[in-house]
Amino acid sequence: MAIYALGDRTPTIHPDAYVHPDAVVIGSVVIGARSSVWPSAVVRGDYGTITIGEATSVQDGAVIHATAELATEIGSWVVIGHLAHIEGAVVEDRSLIGVGSAVLHRARIGEGATVGAGAVVTNDMNVPPRALAVGVPATIKPDRSHAEVIVASAQVYVDNTARYAKQLRRLD
């Protein structure tokens, strides 16, 4: 695994979390139980702190970053899609960040909300609980997200984490 300290900034990864060998975790990062970080994902707490709750998946190619002024906080049972980017923002529990989307500085994604694929949640934007944010820049569609569907998707990754921890083996 590519897990690095940077000076006195050291990751804290729960023993029940899974970090794929081809993912990168650097610096002030906390990853909760049953969470997962998948191939080519980067979680880089070199300037600020990144906190990831329990049973959250950071999927392939996603980039999670923080700034010296802005921590990045990601709740529990969150699904972060492939190639998503989150920086200096708050993502509350049971939310979904879609494939190829961006959530930028000081944005807040409310509990059970969905950021659609390719959407850009701009600086200071607030996506209310259970809302859907789509487009560039994102527009809000109230009450169009379903936390129970997000939790079911998160559970797929929790189950896959156990499978990978037991069965993944390199062949070269």
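No lab work stands behind these numbers, since they all come straight from the coordinates. Treat the numbers as computed from the prediction; the structure is a model and nothing was measured. So basically every Cβ, Gly included, is an ideal-geometry build from the backbone, and we count neighbours across all protein chains shown.
As an exercise, identify the GluC sites (Glu not before Pro) in segment 57-161 lying in DSSP coil whose Cβ has no more than 13 other Cβ atoms within 10 Å. Provide the component values of the computation, followed by the final result.
Details: sites: GLU69, GLU73, GLU87, GLU92, GLU111, GLU148; in loops: GLU69, GLU92, GLU111.
Counting only loop positions with at most 13 other Cβ atoms within 10 Å, the GluC sites (Glu not before Pro) in segment 57-161 are GLU69.
Compared with the dominant principal axis of the Cα atoms in the chain, helix 147-167 is inclined by about 10°. Checking the a/c ratio against 1.5 first, then a/b against b/c, what shape does the Cα gyration tensor give for segment 56-99? Cα axes put segment 56-99 in the oblate bin.
Taking every alpha-carbon pair in segment 1-88 and binning the separations at 5 Å intervals from zero gives 4, 17, 29, 32, 15, 3, 0 percent.
In the chain, once you exclude exposed trypsin sites (Lys or Arg not before Pro) (DSSP loop, at most 10 other Cβ within 10 angstrom), what's the longest stretch remaining?
Numbers: sites that count: ARG169, ARG170.
It works out to 1-168.
Looking at segment 40-172 alone, DSSP beta bridges between its own residues are antiparallel in about 10 percent of cases.
Phi angles across segment 44-58 convert, under the Karplus curve 6.51 cos²θ - 1.76 cosθ + 1.60 with θ = phi - 60°, into 3J(HN,Hα) values of 10, x, 7, 10, x, 9, 10, 10, 10, x, 8, 6, 9, 10, 10 Hz, Gly and Pro given as x. Within the listed set ALA162, ALA71, ALA17, the Gaussian network model of the chain (springs between alpha-carbon atoms below 10 Å) gives the highest mean-square fluctuation for ALA162. Globularity index of segment 80-171 is 1.16 (Cα radius of gyration / 2.2 N^0.38 Å, N = number of residues). Secondary-structure-derived ellipticity at 222 nm for the chain, considering helices only, amounts to -4000 deg cm²/dmol, per-run term -39500 (n - 2.57) for DSSP H runs with n ≥ 4.
Per residue and in Å³, how big is the convex hull formed by the alpha-carbon atoms of the chain?
Numbers: hull volume 15.3 nm³, N = 172.
Cα convex hull per residue, to the nearest whole number: 89 Å³.
If you bin all the Cα-Cα distances of segment 91-140 at 5 Å, starting from zero, the percentages per bin are 7, 28, 38, 25, 2.
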